[in-house]
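Each remark here refers to the structure printed beneath this line.
The values are calculated or read from the model by the stated rules, or taken from the named source; none is laboratory data. Everything numeric in this text was worked out from a predicted model, so none of it was measured. A quick note on method: Cβ atoms are made from the backbone with ideal geometry, for glycine too, and the neighbour counts reach across all protein chains shown.
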Amino acid sequence: MKNDSSVAVLADALRAELRRLAPGDRLPSSRALVERHRVSPVTVSRALGLLAAEGLIVTRPGSGAFAAGRPAPAAEPADLGWQAVALGDRSVDSAGVSWLLTPAPDGVIALSGGYLAPALQPVRALATAAARAARRPDAWEVPDTRGVPGLRAWFARTAGGAVSPGEVLITGGGQQALSTVLRALLPPGAPLLAESPTYLGVLAVARAAGLHPVPVPGDADGVRPGLLAEAFAMSGARAFYCQPAFQNPTGAVLAAGRRAQVLDVARAAGAFVIEDDYARHLGITAPPPPLAAQDAEGRVVHIASLTKATAPGLRVAAVIARGPVAERIRAAQLVGEFFPARPLQETLLELVSSPGWPRHLRSVRAALRTRRDAALAALARELPELRVNRPSGGLHLWARLPDGTDDTALAEAALRAGVLVSAGRPFFPAEASAPHLRISYGTAASEAELVEGVRRLAGVLRS
């Protein structure tokens, strides 16, 4: 992160210098820029590459970098008002997803986000795996459209039960998998049952596809089967989306006694269960096996992602399904995206096949335990009036705020005070049952940042 900041600062300085140069004038040498700005040669190289991509400079090997020609003055903006009529009244709301992907501003402590803190990501192992994958002779060829066979076999083995590699489809990340699965299973206008609260991303995808999310409340043991049966009966839905392991945002794990009940309810409704197993490898304690492992009739469509346990840029996941639905999902992906990038698939296969993979998972689990406990201790000390869950895995705490608290306004005030947290209201498919905050303990840079972030949050809540 610091290196990226140095590149941006140097690029800004060079842009200012370029404004004083005529086209064709030579910039100082890389060595001179290193000495003048006290940065590394890598930073200089990346800054020059950024300016070249913007068309501001031209690089000539052996000669240096030169100011490019001035761009033509901007033309008068075109009148694009006609598009509002042509597009109609349908819209795609990306606000919730973009909020999750927006990095915290400088000086703000990130207690919100969906990915491991950079210090917990296996960056060196990924670089090694990517280098090995790129050297494979067939790394850039068209893969099996279902995915690289070795990777499909790994996902099947990890899911357990009677899952076979032939039932696995590799996709371009969990979010893309959700989009493909929902598009394949449900027509526009159909209801989709979802836990309440639930993952923001599935609500965004469902609404963009013209689906109608229907809330099904849960508790500390996961979704409530009785209410699930009622929701199926009232809505006529044919699919239920859930996260049985370390549910986002609540951290709940579907209790053993409810797992068979959920499948029984779906069977009675003639419906699918879409199991989003996004956090299996983030368990502080091991979660139960996936629902897919105990599904003998093709009722569960299982989505498994490793992005959360690795790095945001590793956009590879898997969909496990059997029967006609598997072929429909595969066809939907083929028509919409062809196939995920083979180099990324090969990189992930190299990573999970290496001796360092289990060591990485053990390290992440230990770090998450320490961070979770540090956050809970800080909250108990600074904000004892909050009711906070104690998750056995995942990245988030779910904090119940005092009645009457405006959680959205609180999150906005917290950001102004230097701590980024997520208001609970957007995680509900319909009205929120009570005010909440989602506080992410896996995203902060350190335990000290966690404690300081809670302290800042406490100051805002008390004011």
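Within the range 368-387, can you find the residues that are of a type in the set (A, V, I, L, M, F, W, C), surrounded by 17 or more Cβ atoms within 10 Å (Cβ to Cβ) and under 27 Å from residue 280 (Cα atoms)?
368, 374, 375, 376, 378, 379
Suppose we filter the range 256-272 for residues that are surrounded by 17 or more Cβ atoms within 10 Å (Cβ to Cβ) and among the aliphatic types (A, V, I, L, M); how many remain?
Of the residues in the range 256-272, 6 are surrounded by 17 or more Cβ atoms within 10 Å (Cβ to Cβ) and among the aliphatic types (A, V, I, L, M).
Go over the candidates 271, 252 one by one and state the one that is in contact with a strand residue (DSSP E or B) (Cβ under 9 Å, 6 or more places away or on another chain) and over 25 Å from residue 374 (Cα atoms).
None of the other options fit; the residue is 271.
Looking at the range 273-293, is at least one residue free of Cβ contacts under 8 Å to residues at least 12 places away in the same chain and either closer than 29 Å to residue 151 by Cβ or not assigned by TED's automatic domain parsing to the domain that holds residue 115 (or both)?
Checked the range 273-293: at least one residue is free of Cβ contacts under 8 Å to residues at least 12 places away in the same chain and either closer than 29 Å to residue 151 by Cβ or not assigned by TED's automatic domain parsing to the domain that holds residue 115 (or both).
Let me confirm something: among 230, 275, 297, which residue is surrounded by fewer than 23 Cβ atoms within 10 Å (Cβ to Cβ) and closer than 28 Å to residue 339 by Cα?
297 is the lone residue from the list that is surrounded by fewer than 23 Cβ atoms within 10 Å (Cβ to Cβ) and closer than 28 Å to residue 339 by Cα.
May I ask you to list the residues in the range 193-234 that are in contact (Cβ under 8 Å) with a residue 40 or more places away in the chain, over 19 Å from residue 291 (Cα atoms) and out of contact with any helix residue (DSSP H, G or I) (no Cβ under 9 Å at 6 or more places or on another chain)?
207, 210
Have a look at 224, 183, 207 and point out the one that is buried (at least 17 other Cβ atoms within 10 Å of the Cβ), more than 30 Å from residue 389 (Cβ to Cβ) and basic (Lys, Arg).
None of the other options fit; the residue is 183.
Among the residues in the range 102-123, are any assigned to a loop (DSSP other than H, G, I, E, B) and over 29 Å from the mean Cα position of the chain (by Cα)?
no
For the range 4-29: of the residues being among the polar types (S, T, N, Q) and loosely packed, with under 15 Cβ neighbours inside 10 Å, which is nearest to residue 57 (Cα to Cα)?
29
Look through the range 418-442, keep the residues that are among the small types (Gly, Ala, Ser) and closer than 14 Å to residue 112 by Cβ, and return whichever of them is surrounded by the fewest Cβ atoms within 10 Å (Cβ to Cβ).
418
Would you be able to say whether some residue in the range 408-415 is of a type outside the set (A, V, I, L, M), crowded, with 17+ Cβ neighbours inside 10 Å and closer than 23 Å to residue 97 by Cα?
No; the residues of the range 408-415 include none that is of a type outside the set (A, V, I, L, M), crowded, with 17+ Cβ neighbours inside 10 Å and closer than 23 Å to residue 97 by Cα.
I'm trying to understand the selection: among the residues of the range 346-400, which are closer than 14 Å to residue 436 by Cα and touching a Lys or Arg at 6+ places or on another chain (Cβ under 9 Å)?
Once the filter is applied, which keeps residues that are closer than 14 Å to residue 436 by Cα and touching a Lys or Arg at 6+ places or on another chain (Cβ under 9 Å), the range 346-400 yields 383, 386, 387, 388, 389, 396, 397, 398, 399, 400.
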